[in-house]
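The values are calculated or read from the model by the stated rules, or taken from the named source; none is laboratory data. Just so you know, these numbers come straight off a predicted model, no measurement behind them. Cβ placement follows ideal geometry from the backbone for every residue including glycine, while neighbour counts extend to all protein chains displayed.
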Amino acid sequence: RQLSAAEQNAHDGGGVGESLIIQERGRSERVALTDVIYLKAELKYITVRTADKEHIYDGALSDLEQRYAHLFVRVHRNALVARRAVRAVEKHNDPVDGEGWTVRLDGVEERLAVSRRQLAAVREALMG
């Protein structure tokens with residue numbers, strides 16, 4: 001069974017905890033937030049990406065953003081990245097989407113789109 005945000009908060013010690021409880025295939029697994037590279041909303045679930053695995057988390061990205069703003073920065077309406085993992089912000093030119101920005105992250109090959117609205121916050125995270 002999925003934990004509600006309130007249950008997750010209580011489990012984490014009132015928001016002090018630094019992990020997510022992932023429910024997959026009938027088992028529960030604790031994933032330390034220090035291992036999370038990014039969180040990406042896809043349909044009604046969130047992909048929790050670590051260096052070696054993807055997990056599926058049932059929750060709202062906005063709730064995670066509020067609870068863990070000190071650890072993650074929003075890069076796009078559908079994604080949060082770990083502040084410590086931001087390595088570069090790069091301009092790219094996509095034949096379909098046109099010119100835009102991406103963020104390069106430590107520990108994964110994929111790059112995530114950065115919205116113009118979030119660009120300043122992502123650059124700030126890069127600077128530390």
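Conditions tested, residue by residue: (1) assigned to a strand (DSSP E or B); (2) over 10 Å from the mean Cα position of the chain (by Cα); (3) small (G, A, S).
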{"residue": "D52", "(1), (2), (3)": "no, yes, no"}
{"residue": "I56", "(1), (2), (3)": "yes, yes, no"}
{"residue": "G59", "(1), (2), (3)": "no, yes, yes"}
{"residue": "E65", "(1), (2), (3)": "no, no, no"}
{"residue": "A69", "(1), (2), (3)": "no, yes, yes"}
{"residue": "V75", "(1), (2), (3)": "yes, no, no"}
{"residue": "V81", "(1), (2), (3)": "yes, no, no"}
{"residue": "R84", "(1), (2), (3)": "no, yes, no"}
{"residue": "A88", "(1), (2), (3)": "yes, yes, yes"}
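When restricted to residues that are small (G, A, S) and not in a strand (DSSP E or B), the stretch 91-122 contains 4. For the stretch 24-52, residues that are over 18 Å from Y68 (Cα atoms) and of a type in the set (D, E, K, R) total 7. For A60, the conditions (1) more than 23 Å from G26 (Cα to Cα); (2) touching a helix residue (DSSP H, G or I) at 6+ places or on another chain (Cβ under 9 Å) are fulfilled apart from (1).
The residue that is surrounded by the fewest Cβ atoms within 10 Å (Cβ to Cβ), among those in the stretch 78-111 that are within 20 Å of Y68 (Cα to Cα) and among the β-branched types (V, I, T), is V86.
On the stretch given as the stretch 48-68, residues that are surrounded by fewer than 16 Cβ atoms within 10 Å (Cβ to Cβ) and in contact with a Leu (Cβ under 9 Å, 6 or more places away or on another chain) total 2.
If you take the residues of the stretch 31-47 that are over 14 Å from E110 (Cα atoms) and of a type in the set (S, T, Y), which of them is surrounded by the fewest Cβ atoms within 10 Å (Cβ to Cβ)? My answer is T34. Each residue in the stretch 55-74 was checked for being under 22 Å from A125 (Cα atoms) and touching a Ser or Thr at 6+ places or on another chain (Cβ under 7 Å), and 0 pass.
So which of V75, V114 ends up being touching a residue at least 40 places away in the same chain (Cβ under 8 Å) and surrounded by 12 or more Cβ atoms within 10 Å (Cβ to Cβ)? Step through it out loud before you land on a result.
On the way: V114 fails: touching a residue at least 40 places away in the same chain (Cβ under 8 Å).
Testing whether each residue is touching a residue at least 40 places away in the same chain (Cβ under 8 Å) and surrounded by 12 or more Cβ atoms within 10 Å (Cβ to Cβ) leaves just V75.
Evaluation of A125 against the conditions (1) buried (at least 17 other Cβ atoms within 10 Å of the Cβ); (2) modelled with pLDDT under 95; (3) assigned to a strand (DSSP E or B) shows that the sole unmet condition is (3).
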